[in-house]
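K.L.:
Have a look at the structure that comes next, please.
Please treat every number below as a calculation from the coordinates, not as lab data. Remember, predicted model here, so these are calculated numbers, not experimental data. Ideal geometry is used to build each Cβ from the backbone, glycine not excepted, and the neighbour counts take in all protein chains shown.
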């Protein structure tokens, strides 16, 4: 394999990665970014983004990612379309393997691989994704003001998002597959005490109906098998997220769900010179703006780490 030496390597794109690239470039770190299998991350499948500062009329997700990419390139970021297939953080210089062909050695590594929403697996779910189907109520709930919507999930996140939607929507149907919630008691009470949230226990989604947008859902009772249609214009999936961090397993500290652990108030991991930002380490907020913020933190942390290292050598 060929070997290349760099000062700062960014793994993954999206708001966190591109922001890290902008800051690292301006700091003279000459960052190299590998975009991964989905350049731009989850926002590439997001139509309208109306809650990112600086876009008063809103912006399409792919356009915003293109804007961030161009900004990073303007300052000299080297953006490459390939996937990291292996990592070695055991030495003083960190190594990664690119597409099983090239070894990159880097003094600092910024991980911004993001997370992916878990889906039900229905073909109609993917067909109508961005056309009424969403995995983020905070991101997209605004578009369904005064309308009837449905949300799938039984945990704290689902309850929190159902409560959020209830403040915007006329009616919220909450579909819970079993006869109990998985959420904490306080979150259950909040949902059950909200008048315009109707919880349907023992209920699973059979199909999402609609042509160019969601028009209704067909649900199935998991005990009786009975099916019925419910008219809704929005369908939210809140069954969890999967951090895209499997390649780092046993290489870096993670929590039980695979999110990379960082020292509070920083982007530093337990491995010296390796930093994490965005949804790969954030299971709480998961917003484009918070991802961008931590991308900035990671670049600044990497810059300071390199400066301290050079001062020590001198």
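K.L.:
Given the Cα-Cα distance of residue 145 and residue 182 and 0.36 nm per residue of separation, how much length would full extension add, in nm?
P.N.:
10.6 nm
K.L.:
Write down the radius of gyration of segment 1-96 and its Dmax, each obtained from C-alpha positions, in Å.
P.N.:
In order Rg, Dmax, the Cα atoms of segment 1-96 give 14.6, 48 Å.
K.L.:
Using Cα-Cα distances under 8 Å and only pairs 6 or more residues apart, what relative contact order does segment 119-237 have, in percent?
P.N.:
Relative contact order of segment 119-237: 31 percent.
K.L.:
For the peptides 235-242, 161-168, what is the packing order when you average, over each peptide's residues, the other Cβ atoms within 10 Å and list the highest mean first?
P.N.:
235-242, 161-168
K.L.:
A further question follows. Identify which of the listed values of volume of the Cα convex hull per residue in Å³ was calculated from the structure shown: [x] 144; [y] 125; [z] 158.
P.N.:
Identified label for the calculated read-out: [x].
K.L.:
Now for a different question. Can you tell me, using C-alpha contacts under 8 Å and at least 6 residues apart, the relative contact order of the chain as a whole percent?
P.N.:
20 percent
K.L.:
From largest to smallest, what semi-axes in whole angstrom does segment 48-202 give when each is the square root of 5 times an eigenvalue of its alpha carbon gyration tensor?
P.N.:
In descending order, the three semi-axes are 39, 22, 15 Å.
K.L.:
At 222 nm, what helix-only mean residue ellipticity would the chain give, in deg cm²/dmol to the nearest 500, using -39500 (n - 2.57) for each DSSP H run of four or more?
P.N.:
Calculated from helices alone, the mean residue ellipticity at 222 nm is -8000 deg cm²/dmol.
K.L.:
Given the convex hull over the Cα atoms of segment 119-237, what projected area results after averaging over all orientations, in nm²?
P.N.:
About 6.5 nm², averaged over all directions.
K.L.:
Which percentage, to the nearest 5, of the DSSP beta bridges contained in the chain is antiparallel?
P.N.:
45 percent
K.L.:
Can you tell me what share of the DSSP beta bridges in segment 119-237 is antiparallel? A percent to the nearest 5 is fine.
P.N.:
Antiparallel bridges: around 40 percent, rounded to the nearest 5.
K.L.:
Still on this model: Hey, with R₀ at 35 Å, roughly what FRET efficiency would residue 250 and residue 70 work out to, going by the Cβ-Cβ distance, to 0.05?
P.N.:
0.45
K.L.:
With Kirkwood's inverse mean 1/r over C-alpha pairs for Rh, give me the Rg to Rh ratio of segment 188-308, two decimals please.
P.N.:
1.16
K.L.:
If you don't mind, there's one more thing I want to ask. Where does each of 251-257, 34-40 land if you order them by average Cβ count within 10 Å, highest first?
P.N.:
So the peptides 251-257, 34-40, ranked by packing, come out 34-40, 251-257.
K.L.:
Sort the following peptides by mean Cβ neighbour count (other Cβ atoms within 10 Å, averaged over residues), highest first: 201-208, 152-159.
P.N.:
152-159, 201-208
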